[in-house]
1. Long-range amide H contacts for ARG61: which residues qualify at under 5 Å (H placed 1.01 Å from N, peptide plane, sequence gap of 5 or more or a different chain)?
2. Highest mean first, how do 189-200, 103-114 rank when packing is the count of other Cβ atoms within 10 Å averaged over residues?
3. Using θ = phi - 60° and the Karplus relation 6.51 cos²θ - 1.76 cosθ + 1.60, list the HN-Hα couplings for the range 12-18 in order, rounded to whole Hz, with x at every Gly or Pro.
Amino acid sequence: MAPTFSGLAIGAGAVTLYALASALMLRNLRNHSLVPLRILMLLVLPGLALHALLTWLQIERETGLYFGFFAAATLVALIMTTFVALAMVRLPVQNLLLLVLPINIVTIIGALTGSGAAGPMTGLDAPLIAHILVSITAYSILFMAACQALVLTYQEHALRSKRSIVTLRLLPPLETMESLLFALLWAGVITLTLAITSGFAFLDDMFAQHVVHHTVLAMASWLLYTGLLTGHYAFGWRSYTATYGTLIAFALLLLAYFGSKFVLEIVLGS
């Protein structure tokens, strides 16, 4: 469905605020300083409000709820950014916005300009809606963990090569960054476990419902995540093992949901 003029205006407003926040953070990064939290929130919070309104306009349809490729991507980006904004008050996660905000901009532009073949979902009962929301929340948290892994990878590489020392001083200590990564992984894996478990209740015929690839990839991702957490606490896995393991597991999860939706809706148009 083509966006209305109000939808375009709302999306443009959100993109503008996110772009301004990103530009401000990059400018301060070049000057080896952080943007004051209060100033950053003045841009991010109104952007989130507009983002939420646009996401609702994308999802809510007269005939049911629409979770097509672009609408779902916008919702995941919204939840992820909301988590980061809330966490920024107490945790050193401001650096994640440099990765998250551009993702928001891309998903919003995609939602405004793209279209998918999937139609609205009708007749949804409360348990199924709960499963969908838990699944999207799991994707959002694990997306944050993947972004944290990217920042951690950069930090470890810079420390080993002894480059960008001034920029590294803007980041928390390596131990703090690793602790935050594993906290995100725990939260994400617990939520993903709930999503996968509840999902089996709605599978009458896995092959007839065309979700076998989705289920197999999601389970493979879950096994990798749980193996990574087990290895960390049992054998002390950390550093590159933790970051690359996190990125590979998230790549599988990304293929499980958005990869299959992209192929079915955008490539095949079914």
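1. TYR66
2. The densest-packed peptide leads the list: 103-114, 189-200.
3. 5, x, 5, 4, 4, 5, 5
Read-outs throughout are calculated quantities, based only on the coordinates presented, and are distinct from any laboratory measurement. Predicted model, so just to flag it, every value in this text is computed and none were measured. Every residue, glycine among them, receives a Cβ derived from its backbone with ideal geometry; neighbour counts consider all protein chains shown.
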